[in-house]
Structure formats: C-alpha cells, structure tokens
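K.L.:
This is the structure I have questions about; it appears just below.
The values are calculated or read from the model by the stated rules, or taken from the named source; none is laboratory data. Values in this document were obtained by computation on a predicted structure and should not be read as measured data. Backbone-built Cβ (ideal geometry, glycine too); neighbour counts: all protein chains shown.
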Amino acid sequence: MSVESPRTGGLSALDLDRDGFHELRGGNLGVRIASTQEEIEAAQALRYRVFFEEMGAQPDERTFRLKRDIDEFDDYADHLLVIDHAVSSGAAGVVGTYRLMQGDRASKLGRFYSESEFDIGPLKKFPGRLLEVGRSCIDIRYRGRAAMQLLWRGIASYIFLHKIDVLFGCASLPGTNPEELSEELTYLYHNHLAPPALRVKALPDRRVEMLRQDPLTLDRRRALTRLPPLIKGYLRLGGYVGDGAVVDPQFRTTDVAVLVKSELMTDKYYRHYERRLRDALD
C-alpha cells in the first residue's frame with residue numbers, strides 16, 4: 001500500500017503521526033490500543049467469558065484457574081480494545097477486543113498463530129508487511145453495529161498507520177461437523193477462494209475439504225445468511241479464503257483462513273469513514 005498515493009485526496013494523502021494510534025470515538029464507545037497490562041488482562045478476561053463460558057471452548061488448567069484466555073502470542077501482539085467510557089476509560093470499560101500481530105513480532109516469536117492450522121508460505125513470500133488478526137470478540141451486551149464498526153475502524157486505521165499490505169488470520173464457523181457446514185464451506189470456496197499468489201492451504205494432517213456439494217445447486221442466499229458476521233465483514237472488504245478448513249476441537253469451531261489486501265480495505269472502508277477518521281486523527 002502506497003501511503004503517498006494521491007488518490008483523489010483520500011486518507012492515503014493524510015499526514016498522520018505513525019508513532020501512535022489515536023483513539024477513535026463513537027458516542028460513549030472508543031477504540032484504541034491497550035496501553036497497560038491491566039487492559040490486556042481485561043481483554044483476556046473478556047475472551048474467556050465469550051469463548052469458554054459462552055461458546056463452550058475447553059480450557060486448560062491455567063486458563064480455568066485464571067479465568068483469562070492467555071497464550072504465548074499475547075506478549076508479542078497489540079490488543080485493539082473497544083472501551084465503554086460510560087463505564088470506565090480504563091480496564092473496567094473493555095467491551096470488545098481484537099488481537100493484532102505484525103510480521104516482525106511474529107518473527108521474534110518464531111511463528112504466527114495461524115501456522116498451527118495453515119501453511120501460510122505464500123503470504124510469507126508476498127512482498128509487503130503482514131498483519132495477523134484474531135481472538136476477536138465483543139461482550140454480549142454490546143453486540144450491535146456500533147461496537148463492530150468501531151473494531152473495523154480501528155483495524156483500518158492500524159493497517160494504514162503501520163503500512164500493512166496484507167491482513168490475514170483464522171476465522172471460525174461454529175461447530176466441529178463439516179457436514180453441517182457444507183453450504184457455508186462450499187459457498188466460501190466457490191465464490192471467494194484466494195488467487196494462487198495468496199492461497200494459503202490447510203495443513204495436510206488437519207485439512208477438511210471445503211467443496212462439499214455441487215456449487216451450482218447451492219442456495220447462495222441461505223449460505224451467506226448462515227455465515228458468521230465477522231466472516232461476512234471480511235468478504236464485504238474484498239477478502240478471500242484459503243484452500244481447506246480445519247476443525248479446532250478445543251474451541252469447538254471449524255476454521256477457515258481469511259485474508260484481505262489492505263488497499264481493498266482502505267478503498268472500500270475509508271471511503272465510508274474518511275470524514276470521521278480525518279476528524280479523529282487531526
């Protein structure tokens with residue numbers, strides 16, 4: 001993504017402070033990067049409530065004891081937060097989160113989270129900066145348009161500020177029986193498969209075929225309706241899916257690899273939010 005591109009005076013022409021992420025606001029809600037350990041722990045506690053208590057994931061002993069979803073990637077990532085300032089402007093106000101890990105941070109750790117499920121070799125060969133996203137969740141009381149839009153605004157600003165070229169990660173469909181997800185998986189594979197240069201593939205020993213029925217007989221409207229909102233959000237931004245899905249028994253989900261070239265995201269998303277983002281970043 002070329003930051004200097006003059007594209008009709010859009011956000012790519014803004015002179016932004018790339019050393020800091022400016023909080024974006026929408027009413028009482030704001031989105032920003034966690035700045036304290038207490039805020040990161042609040043995000044981990046929210047993840048625990050959503051993934052383990054609400055969705056039935058199976059915690060290990062440490063996770064259950066701490067009541068926080070923690071793994072080795074947390075220390076290398078930035079944690080995007082949605083804050084309800086009517087509750088608190090600090091850790092107590094965390095109502096949404098998304099984990100963001102840049103390629104140089106993954107290099108220090110030695111791998112991306114997605115590599116436990118997918119061969120991301122094509123992405124590593126892609127000339128540009130990578131951003132892995134994951135662990136997205138919103139408190140059940142805030143699952144409306146406002147919080148999700150703020151998360152997307154935050155990610156869009158982050159990739160712009162850090163000159164990210166490709167955003168990717170694992171996105172989950174509920175359930176571990178691929179046959180029950182036949183329509184959704186077939187729809188994604190047939191309509192949104194990534195081009196060869198970006199086509200990550202499920203690891204051979206974990207691979208679940210996505211093309212599970214004749215796509216010509218598919219009820220496209222029903223398949224699209226059944227997709228989780230997060231996956232539909234990626235598709236609206238011009239996103240792709242990889243080849244093959246993976247069953248995650250711990251989280252009781254079936255995962256697909258998703259990726260978005262950042263110029264697609266900025267073109268489609270910033271057009272809508274350009275004025276508000278410009279105001280917020282001035």
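K.L.:
Just to verify a result, which residue in region 238-258, among those that are modelled with pLDDT of 95 or more and among the hydrophobic types (A, V, I, L, M, F, W, C), is farthest from I70 (Cα to Cα)?
P.N.:
Per the criteria, the residue is V241.
K.L.:
Still on this structure, please answer the following. Which residues, taken from region 157-179, are modelled with pLDDT of 95 or more, hydrophobic (A, V, I, L, M, F, W, C) and more than 14 Å from the chain's Cα centre (by Cα)?
P.N.:
Within region 157-179, none qualify.
K.L.:
May I ask you to list pairs of residues, at least six apart or on different chains, whose Cβ atoms are under 6 Å apart, with the first in region 31-47 being closer than 14 Å to R135 by Cβ and the second being part of a loop (DSSP other than H, G, I, E, B)?
P.N.:
That search, which allows pairs on different chains as well, returns I40/A34; Q44/R68; Q44/D69; Q44/I70; A45/R68; R47/D69.
K.L.:
Residue pairs, Cβ under 7 Å, 6 or more apart or interchain, first in region 229-240 and of a type in the set (A, V, I, L, M, F, W, C), second part of a helix (DSSP H, G or I) and buried (at least 18 other Cβ atoms within 10 Å of the Cβ). List them.
P.N.:
Going by the 7 Å Cβ cut-off, the qualifying pairs are L237/M265; L237/Y269.
K.L.:
Also: Report whether or not V87 is in contact with a Gly (Cβ under 6 Å, 6 or more places away or on another chain), surrounded by fewer than 23 Cβ atoms within 10 Å (Cβ to Cβ) and at pLDDT 95 or above. Step through it out loud before you land on a result.
P.N.:
Values: in contact with a Gly (Cβ under 6 Å, 6 or more places away or on another chain): yes; surrounded by fewer than 23 Cβ atoms within 10 Å (Cβ to Cβ): yes; at pLDDT 95 or above: yes.
The answer is yes for V87.
K.L.:
State whether the residues of region 55-73 include one that is over 30 Å from K201 (Cβ atoms) and surrounded by 14 or more Cβ atoms within 10 Å (Cβ to Cβ). Let's see the steps before the verdict.
P.N.:
Just the residues of region 55-73 that are over 30 Å from K201 (Cβ atoms), to begin with: 61-62, 64-68.
Filter once more, keeping what is surrounded by 14 or more Cβ atoms within 10 Å (Cβ to Cβ): 66, 68.
Looking for residues that are over 30 Å from K201 (Cβ atoms) and surrounded by 14 or more Cβ atoms within 10 Å (Cβ to Cβ), one finds at least one in region 55-73, hence yes.
K.L.:
Considering only residues of region 133-146 that are of a type outside the set (G, A, S) and touching a residue at least 40 places away in the same chain (Cβ under 8 Å), which is farthest from V200 (Cα to Cα)? Full working, then the answer.
P.N.:
Within region 133-146, the first condition is being of a type outside the set (G, A, S), and the residues that meet it are 133, 135, 137-143, 145.
Checking which are touching a residue at least 40 places away in the same chain (Cβ under 8 Å) leaves us with 135, 137-142.
On the way: R135: 20, C137: 24, I138: 27, D139: 31, I140: 32, R141: 35, Y142: 33 Å.
Step by step, filter region 133-146, then rank; the result is R141.
K.L.:
D205 fails exactly one of the following numbered conditions: (1) touching a strand residue (DSSP E or B) at 6+ places or on another chain (Cβ under 8 Å); (2) surrounded by fewer than 21 Cβ atoms within 10 Å (Cβ to Cβ). What is the number of that condition?
P.N.:
Against the list (1) touching a strand residue (DSSP E or B) at 6+ places or on another chain (Cβ under 8 Å); (2) surrounded by fewer than 21 Cβ atoms within 10 Å (Cβ to Cβ), D205 comes up short only on (1).
K.L.:
Just wondering, is there one or more residues in region 76-84 that are more than 18 Å from L109 (Cβ to Cβ) and surrounded by fewer than 18 Cβ atoms within 10 Å (Cβ to Cβ)?
P.N.:
No, region 76-84 contains no residue that is more than 18 Å from L109 (Cβ to Cβ) and surrounded by fewer than 18 Cβ atoms within 10 Å (Cβ to Cβ).
K.L.:
Look at region 147-181 and say how many of its residues are in a strand (DSSP E or B) and without any contact (Cβ under 8 Å) to a residue 24 or more places away in the chain. First the steps, then the outcome.
P.N.:
Just the residues of region 147-181 that are in a strand (DSSP E or B), to begin with: 166-174.
Now drop any that are not without any contact (Cβ under 8 Å) to a residue 24 or more places away in the chain, which leaves none.
Count: 0.
K.L.:
Taking the criterion of being small (G, A, S), assigned to a loop (DSSP other than H, G, I, E, B) and closer than 19 Å to A34 by Cβ, would at least one residue in region 90-99 satisfy it?
P.N.:
yes
K.L.:
In this structure, is F118 crowded, with 17+ Cβ neighbours inside 10 Å and not charged (D, E, K, R)?
P.N.:
yes
K.L.:
Let me ask something else. Could you look through region 201-219, keep only residues that are more than 18 Å from L259 (Cβ to Cβ), hydrophobic (A, V, I, L, M, F, W, C) and assigned to a loop (DSSP other than H, G, I, E, B), and pick out the one that is nearest to the chain's Cα centre (by Cα)?
P.N.:
First, pick out the residues of region 201-219 that are more than 18 Å from L259 (Cβ to Cβ): 204-206, 208-209, 211-219.
Still in the running and hydrophobic (A, V, I, L, M, F, W, C): 208, 211, 216, 218.
From what's left, assigned to a loop (DSSP other than H, G, I, E, B): 211, 218.
Working: L211: 24, L218: 27 Å.
Filtering first and then ranking leaves L211.
K.L.:
If you don't mind, there's one more thing I want to ask. Any residue in region 112-128 that's under 16 Å from V256 (Cβ atoms): show its pairings with residues that are acidic (D, E) at Cβ separation under 7 Å, as long as the two are six or more apart or on different chains.
P.N.:
F112/E132; Y113/E132; S114/E132; E117/D255
K.L.:
Which one is surrounded by the fewest Cβ atoms within 10 Å (Cβ to Cβ) among residues in region 221-237 that are more than 17 Å from K261 (Cα to Cα) and either touching a Ser or Thr at 6+ places or on another chain (Cβ under 8 Å) or at pLDDT 90 or above (or both)?
P.N.:
Residues of region 221-237 that are more than 17 Å from K261 (Cα to Cα), as a first pass: 221-229.
Next, from what is left, pick out any that are either touching a Ser or Thr at 6+ places or on another chain (Cβ under 8 Å) or at pLDDT 90 or above (or both): 221-228.
Numbers: R221: 9, R222: 11, A223: 20, L224: 16, T225: 11, R226: 15, L227: 19, P228: 14.
It comes out as R221.
K.L.:
Right, next: Out of all the residues in region 57-67, is one or more under 18 Å from the mean Cα position of the chain (by Cα) and either aliphatic (A, V, I, L, M) or more than 20 Å from G169 (Cα to Cα) (or both)?
P.N.:
For region 57-67, residues under 18 Å from the mean Cα position of the chain (by Cα) and either aliphatic (A, V, I, L, M) or more than 20 Å from G169 (Cα to Cα) (or both): absent.
K.L.:
Look through region 129-146, keep the residues that are at pLDDT 90 or above and part of a helix (DSSP H, G or I), and return whichever of them is nearest to Q44 (Cα to Cα).
P.N.:
I140
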